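Heads up: the structure comes next, in structure tokens.
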């Protein structure tokens, strides 16, 4: 795919502006007021056309316009002309990166993934050790063993200390359910999602895809369970066309996997003391990109005593937490502005616990709750994996 190939999609845009009403990045600024047109979907389409026709030159202003899209897919959902705006934006980012027109930290992330196979540039030997200390014996006995199910941890869960609880609880849940599972350990590579979202080379992503799939297939795996929607979407929708063949295993988001276990009677969830009124945040890549809304809610509702409330804007209308689309990599301030907006949504629900289903969203919601705590409101944030682990008595 090239930017030239995207021209028919660009030319479908009639500049009606319906996308403006839903785009979060337009108001992701200090004053939370509508910004310049280049920070919205139709403005980004015009930038893409201008770059293609040579009427717009690569610049830091153009970078800001294109790299502050949260990849939330609100524009695609609302466009009456059926323009796949996010596809155009991703291809335009690639066009810019090929010309070296991207923030240094974005280009560095691409280099890290290409060289060290993870976005943080850390040693692959630490991919397991950094999160598994509390469950080292359990993890060591499962790494690299042939099994029916594989847990794909992802770079965020593997290397970010404040997210370590998610993979820890995942392996504990799998063990509790008697699942025949395995992990790739240090052989697991970045899925390629951060490169895809920020204009990385397609060949580099394809190489990661081929290597990950080959290693998983070698273990005789029938299903791969994910706790990260970015990894899940990349495997499910990016890998097959990139590799030119279907996956030799079934990818499942944790909520899909868990709901199956609840329905067949394998998993019996108990009431949780101190957690009553909760609200669920729909991750953009899981919701608007993949249409998974019901499964996480059904898992939550299966826990006795929990009252699930909804945001005023929920499901396909759920507001982005600010951590999507690689925006935090380009400019963390823009992500923080959006997190502040999300805090208002959380406060309106009067929920005491926010449930996320994404490590990136977990970080965004934590930022949102910081501003609520400053106002004296105590709100707990849990990933769905952590919530289930508590209900199963393993946390």
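The values are calculated or read from the model by the stated rules, or taken from the named source; none is laboratory data. The model shown is predicted, which means the values in this text are computed figures rather than measured ones. Cβ atoms come from the backbone with ideal geometry, glycine included; neighbour counts cover every protein chain shown.
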Margin query: If I ask for residues that are under 19 Å from residue 120 (Cβ atoms) and surrounded by 24 or more Cβ atoms within 10 Å (Cβ to Cβ), which ones from region 164-193 would you list?
Written below: 166, 167, 183, 188, 190, 191, 192, 193
Item checked: region 315-334: number of residues that are in a helix (DSSP H, G or I), under 14 Å from the mean Cα position of the chain (by Cα) and closer than 21 Å to residue 372 by Cβ -> 1
Notebook entry, point to check: Is at least one residue of region 43-50 surrounded by fewer than 23 Cβ atoms within 10 Å (Cβ to Cβ), in contact with a helix residue (DSSP H, G or I) (Cβ under 6 Å, 6 or more places away or on another chain) and within 30 Å of residue 343 (Cα to Cα)?
Noted result: yes
Note to self: Quick check on my filter: what residues within region 110-133 are touching a residue at least 60 places away in the same chain (Cβ under 8 Å) and buried (at least 19 other Cβ atoms within 10 Å of the Cβ)?
What the structure shows: 110, 113, 117, 118, 119, 127
Next item on the list: Would you mind stating whether residue 346 is assigned by TED's automatic domain parsing to the domain that holds residue 275, assigned to a helix (DSSP H, G or I), in contact with a helix residue (DSSP H, G or I) (Cβ under 8 Å, 6 or more places away or on another chain) and under 12 Å from residue 279 (Cα atoms)?
Entry: yes
Item checked: Filter result (without any contact (Cβ under 8 Å) to a residue 40 or more places away in the chain and more than 16 Å from residue 13 (Cα to Cα)) within region 54-93 -> 54, 55, 56, 57, 60, 61, 62, 65, 66
Next item on the list: Sort out which residues of region 214-229 are in contact with a helix residue (DSSP H, G or I) (Cβ under 8 Å, 6 or more places away or on another chain) and either farther than 27 Å from residue 73 by Cα or assigned by TED's automatic domain parsing to the domain that holds residue 87 (or both), and write them in order of number.
Entry: 215, 223
Next item on the list: Hey, can you tell me all the residues within region 158-171 that are touching a residue at least 40 places away in the same chain (Cβ under 8 Å) and not in a loop (DSSP other than H, G, I, E, B)?
Entry: 158, 159, 162, 163, 165, 166, 167, 169, 170
Next item on the list: Would you kindly identify the helices (runs of 4 or more DSSP H) lying entirely within region 99-157 that contain at least 3 residues that are in the same structural domain as residue 219 (by TED's automatic domain parsing) and modelled with pLDDT of 95 or more?
Entry: 104-116
